[in-house]
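Data block below; observations after.
The values are calculated or read from the model by the stated rules, or taken from the named source; none is laboratory data. Since this is a predicted model, take the numbers as computed values, not measurements. So basically every Cβ, Gly included, is an ideal-geometry build from the backbone, and we count neighbours across all protein chains shown.
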Amino acid sequence: MASYLRLVWRTQRVVMEPANLYELADAQLPMILTFWHGQHFLTPFIVRPYHRAKVMISRSADADVNAIAAEALGIGAVRGSGAQGRDFRTKGGFNATLEMIRHLGEGTNVAMTADVPKISRVVGLGVVTIAKHSGRPIYPVAIATSRRILARSWDRAAIHLPFGRAAVVAGDGVRVAVDAGPEALEEARRELQRQLEQITARAEELVGRRSATPAAARPEAPAAANPAPPAAPRNPAPDHASAEPRNG
């Protein structure tokens, strides 16, 4: 899988927005990089060699291939995932959250999906909780390609194809105060939701496609879908009958 992803990335004509993305990001390291489920396959390639990074990946058997690919591409894996209710602990989300906070405290960047499994494109509280307890900023990113197949999975994962155009768009970022209460966490969650929706639409636009999921159609996050903050110390069905045609 790692070899295929390298082929895909190396054959894309990539545009980044903002153009000085790395200059802006490097001034804020370490950071929490976040993105939607289904947009994760090419994220290892936006990490530069000097960026130490770990990514949170589910403990499920289906996610094993993602963990193996991440390791092959030089990104360490933290196994666990966000979930609803008590599943947050049984699926390793609690321990993974603590581990991500620890890595940030040691100067390592971390990456994770913003939405929890089975609730596509609704930001959960997990990522803002990590930002609160680590004191590090969240930076959302969206990646789109002109040639892809969408899987029939709940997250409509994008299977990118070689020889197309790619867009990488970053948001302005979100910071969460270490003393943030429930209202402030919810405000940060909503702002992250807004930025992810905006940059996803922009990335799709840059590769010649309208965003497939209008922001207005997405529901609010139910309270039960978000994990309680941990007691942590501060420090393939295709789009159509066949793959989309190459644009440009």
Q | Checking residue 128 against (1) of a type in the set (Val, Ile, Thr); (2) out of contact with any Ser or Thr (no Cβ under 8 Å at 6 or more places or on another chain); (3) in a strand (DSSP E or B), the condition it does not meet | A | (3)
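Of 114, 19, 25, which residue is closer than 20 Å to residue 200 by Cα, over 17 Å from the mean Cα position of the chain (by Cα) and not polar (S, T, N, Q)?
19
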Q) If you check every pair at least six apart or on different chains, which have Cβ atoms under 8 Å apart with a residue in the range 97-110 that is part of a loop (DSSP other than H, G, I, E, B) first and a residue that is of a type outside the set (Lys, Arg) second? A) 107/29; 107/30; 108/30; 108/53
Q: Being hydroxyl-bearing (Ser, Thr, Tyr), over 21 Å from residue 179 (Cα atoms) and buried (at least 24 other Cβ atoms within 10 Å of the Cβ) is the filter here, so list the residues in the range 107-131 that pass it.
A: 113
**Q.** Of all residues making up the range 6-55, the number that are among the hydroxyl-bearing types (Ser, Thr, Tyr) and under 19 Å from residue 115 (Cβ atoms)
**A.** 2
Q.
Whether any residue in the range 158-169 is crowded, with 18+ Cβ neighbours inside 10 Å, in contact with a Pro (Cβ under 9 Å, 6 or more places away or on another chain) and within 14 Å of residue 35 (Cβ to Cβ) is what I want to check.
A. yes
**Q.** Filtered residue count, the range 6-27, keeping only those that are out of contact with any Lys or Arg (no Cβ under 8 Å at 6 or more places or on another chain) and under 27 Å from residue 101 (Cβ atoms)
**A.** 6
Q | Which listed residue is of a type in the set (A, V, I, L, M, F, W, C), touching a strand residue (DSSP E or B) at 6+ places or on another chain (Cβ under 9 Å), modelled with pLDDT of 50 or more and in a helix (DSSP H, G or I), from 184, 212, 201 | A | 201
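Looking only at the range 135-154, count how many residues are farther than 20 Å from residue 31 by Cβ and either among the β-branched types (Val, Ile, Thr) or within 12 Å of the chain's Cα centre (by Cα) (or both). Spell out how you get there, then give the answer.
Within the range 135-154, the subset farther than 20 Å from residue 31 by Cβ is 144-154.
This time we only want the ones that are either among the β-branched types (Val, Ile, Thr) or within 12 Å of the chain's Cα centre (by Cα) (or both), so: 145, 149.
Residues meeting the conditions: 2.
Of the residues 218, 190, only one is modelled with pLDDT under 95, out of contact with any Gly (no Cβ under 6 Å at 6 or more places or on another chain) and more than 27 Å from residue 19 (Cβ to Cβ); which? Walk me through how you get there before you give the answer.
Working: 190 fails: modelled with pLDDT under 95.
After ruling out the rest, the residue left standing is 218.
Has the range 235-245 got at least one residue that is within 13 Å of residue 130 (Cα to Cα), touching a helix residue (DSSP H, G or I) at 6+ places or on another chain (Cβ under 8 Å), modelled with pLDDT under 95 and in a loop (DSSP other than H, G, I, E, B)?
Of the range 235-245, the ones within 13 Å of residue 130 (Cα to Cα) are 235.
Those left that are additionally touching a helix residue (DSSP H, G or I) at 6+ places or on another chain (Cβ under 8 Å): 235.
Right, trim to modelled with pLDDT under 95 and you get 235.
Okay, now just the ones that are also in a loop (DSSP other than H, G, I, E, B), so 235.
Among the residues of the range 235-245, at least one is within 13 Å of residue 130 (Cα to Cα), touching a helix residue (DSSP H, G or I) at 6+ places or on another chain (Cβ under 8 Å), modelled with pLDDT under 95 and in a loop (DSSP other than H, G, I, E, B), which makes the answer yes.
Let's see how each residue does on (1) out of contact with any strand residue (DSSP E or B) (no Cβ under 6 Å at 6 or more places or on another chain); (2) of a type in the set (D, E, K, R):
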site: 133; (1), (2): yes, no
site: 143; (1), (2): no, no
site: 149; (1), (2): no, no
site: 154; (1), (2): yes, no
site: 172; (1), (2): yes, yes
site: 175; (1), (2): yes, yes
site: 192; (1), (2): no, no
site: 207; (1), (2): no, no
